[in-house]
Structures are given as C-alpha cells and as structure tokens.
Amino acid sequence: MDIHPIRNDKDHAAALELIERLWGAPDRSPEADALDVLSVLVEDYENTRWPIEQLDPIDLIKAHMAATGRGQTDLAEIIGSRPRASEIIARKRALTISMIRNLASDWHLPAALLIAPYNLRKASRTKQATPAKKKPGRKRRQKHVVARSRDAA
C-alpha cells in the first residue's frame, strides 16, 4: 500500500478511493492503521484546500435556528424577551454571559464560539436623540447652627 502526502486533487481522489476500499477493516490490522493515516491526510488536505470560515456568534445562532427549524420566538424564550431576541439577531445588542450560558445549555451550542467578538450595527441616525432635560436640582437647606457660648448661663 502506497501512502504518501496529498499534494493535489489527483492525490486526494486516489486517497478517497483507497479509504473506500479499506473501510470496515478489522481493528488493529495493518489496513485499519492505513485507514487512520489516510483519514488524517485527507482531513488535513481538505482543511487546507477548502477551509471553512469560522461563523461569528450571530451567524452561528442563525444557522442553528435554520438547521433545527427554530425561530425568533424560540430564541426569545432563551434570551428573555422578543424585542431583545430581535436586537440580538439584528446585531443591535451584544450577547450577555447569561444569554451565552442559556444558549450553550439549552441549544448545546459551543460557548467558545458564542463568546467570540463580533461587530454590532450602529444605531441609525435618522432618529435624532433629543437632549435630556435636566431635572431641577434639589435646593439644599442650610442648617443653621446655633452656637452656644460657654459663658451663657
């Protein structure tokens, strides 16, 4: 059996054919060992040749929702409210630690992927914020201290 590094698509195709022939080899046999080595070589080549881009936390949540048939209502149950779930999906609000914990435990999403940094959308400038009115300050009452003199009898 000729096992060598996979350097191009032709080598990759040949390795896949050999894996197919070796599939189901008895454990601890030379064929099973060759299958293990070829699997590692193929995986390394595929990861190098066709890398998979890491999803940011929001894309991960959206992909999970699409794959499992869940919607924003389901997300709202975990996040705490529908408006907050909408803000998360729209990237207007960041995930909190408790949201990440809930997503990891309830939906079995990897917390390590949910804590990755991601960009939030800036608030639209069409709605200009009006400056808050200052509340009238409370006037301090001056305490009048009546001095007692030691001489007073």
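The values are calculated or read from the model by the stated rules, or taken from the named source; none is laboratory data. The model shown is predicted, which means the values in this text are computed figures rather than measured ones. Counting neighbours? That spans all protein chains shown, and the Cβs are built from the backbone with ideal geometry, glycine included.
Quick rundown of the values:
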| item | result |
| --- | --- |
| Some residue of region 77-85 being of a type outside the set (Gly, Ala, Ser), in a helix (DSSP H, G or I), surrounded by fewer than 13 Cβ atoms within 10 Å (Cβ to Cβ) and more than 17 Å from the chain's Cα centre (by Cα) | yes |
| Given (1) of a type in the set (Asp, Glu); (2) more than 30 Å from ALA104 (Cβ to Cβ); (3) in contact with a Ser or Thr (Cβ under 9 Å, 6 or more places away or on another chain), number of the condition ASP27 does not satisfy | (3) |
| Residues within region 60-75 that are surrounded by fewer than 13 Cβ atoms within 10 Å (Cβ to Cβ) and assigned to a helix (DSSP H, G or I), tallied | 5 |
| Those residues of region 86-122 which are hydroxyl-bearing (Ser, Thr, Tyr) and either surrounded by 13 or more Cβ atoms within 10 Å (Cβ to Cβ) or under 12 Å from the mean Cα position of the chain (by Cα) (or both), in sequence order | SER86, THR96, TYR118 |
| Pair list, Cβ < 9 Å and 6+ apart or interchain, from region 80-98 residues that are on the phi > 0 side of the Ramachandran plot to residues that are at pLDDT below 95 and of a type in the set (S, T, N, Q) | ARG91/ASN119 |
